[in-house]
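In what follows, a single structure is set out as structure tokens and then discussed.
The values are calculated or read from the model by the stated rules, or taken from the named source; none is laboratory data. What you are looking at is a predicted structure, and each value in this text was computed from that prediction instead of being measured. Here the Cβ is made from the backbone with ideal geometry for all residues, glycine too, and neighbour counts use every protein chain on show.
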Amino acid sequence: MTTVGALHERGQFGRWTVHMIQSGEVRLDGGAMFGVVPKVMWERRVPADPRNRISLGMRCLVIEHDVGLVLIETGSGNKEDRKFQDIYGIANEGENGRTKLEDGLRVAGYSPEDIAIVIDTHLHFDHAGGNTYRDERGEVRLSFPRARYVVQGGEYHYATHTNERTAASYFARNFVPVFEAGRFDFVDGERQIVPGITVLPTPGHTPFHHSVLLESGGARAIVLGDLVPTAAHLPLPWIMGYDVEPLVTLETKRRILARALAEEWRLFFGHDPTVSWAKLGHDGKSYGIVEE
């Protein structure tokens, strides 16, 4: 991969040119991010700040596909207030009122109007907040006005029927305007979206979370979403406290990582602050990344 700037890495994946755009930083509680793993263990890998938060990225992937530009994940957007940004340590403001995702697209030579397809792994605010934006008049509009948006139909239903446990992560302003504009293409289970790009159900973090399998020119990779948010989460029991079905996550990780190892998939991490792509390895005890 070629690092073009702090926000942008460009590289070749099979026949495609791909752009990895760091759409900003978010800081989440380290204990919540690692669930039952003791702090004395996880902090060796990921240091915490004085508020016990760890630094995470919000990485998005743009693929130059034959059908047009495909964007996977959209970051947190620009709609949240200063109090919310402080609590979650969100730093995603770009230049001249833009977000860092918009700036990253510009560095890549594109604009939001160039995106043909948006794929959300799920609809939490740090993955789908950039689906929409608040304009100068305070109105919420679609960030990618020419795009079709893809998510599991079950995820949309889950996001629009929250409870006391899930409401803090789902904000209607991030996805209901997309539905009202008729721009969602809901899928049910595994589905090829365009040639070489297939969504795979990977439940656990949410019941209808999906990851994205990429296949081009003999190369394979998977955009993991929150199934494995960082490289530090590769060991099977290292599962977020945010996951609503952690034992389902465990079995999903077991299945997906075994297949990824056997079929030599590369891994794309959305939340890892430093590792974007990596090769998967197993040392006989646990999964981890392999230095190349």
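Criterion applied to Leu61, Leu28, Leu71 was being under 29 Å from Val118 (Cα atoms) and crowded, with 24+ Cβ neighbours inside 10 Å, and the one residue passing it is Leu71. Among the conditions (1) of a type outside the set (A, V, I, L, M, F, W, C); (2) within 25 Å of Asp66 (Cβ to Cβ); (3) part of a loop (DSSP other than H, G, I, E, B); (4) within 17 Å of the chain's Cα centre (by Cα), His122 misses just one, which is (2). Across segment 74-106, the qualifying residues are those that are of a type in the set (Asp, Glu) and buried (at least 17 other Cβ atoms within 10 Å of the Cβ), and the one among them that is nearest to Arg27 (Cα to Cα) is Glu80. Summed over segment 134-153, residues that are touching a residue at least 60 places away in the same chain (Cβ under 8 Å) and either among the charged types (D, E, K, R) or over 18 Å from Val212 (Cα atoms) (or both) total 3.
Which members of segment 201-241 meet the condition of being of a type in the set (Phe, Trp, Tyr) and within 15 Å of the chain's Cα centre (by Cα)? Passing the criteria: only Phe208.
Could you check, for segment 251-269, whether at least one of its residues is of a type outside the set (Val, Ile, Thr), under 17 Å from Ala32 (Cα atoms) and touching a residue at least 12 places away in the same chain (Cβ under 8 Å)? No, the conditions are met nowhere in segment 251-269.
Pairing residues of segment 197-221 that are without any contact (Cβ under 8 Å) to a residue 60 or more places away in the chain with residues that are part of a strand (DSSP E or B) and of a type in the set (Asp, Glu), at Cβ distances under 8 Å and at least 6 apart in sequence or on separate chains, gives Thr198/Glu215. When Leu250, Leu236 are checked against the criterion of being at pLDDT 95 or above, assigned to a loop (DSSP other than H, G, I, E, B) and surrounded by fewer than 18 Cβ atoms within 10 Å (Cβ to Cβ), a single residue qualifies: Leu236.
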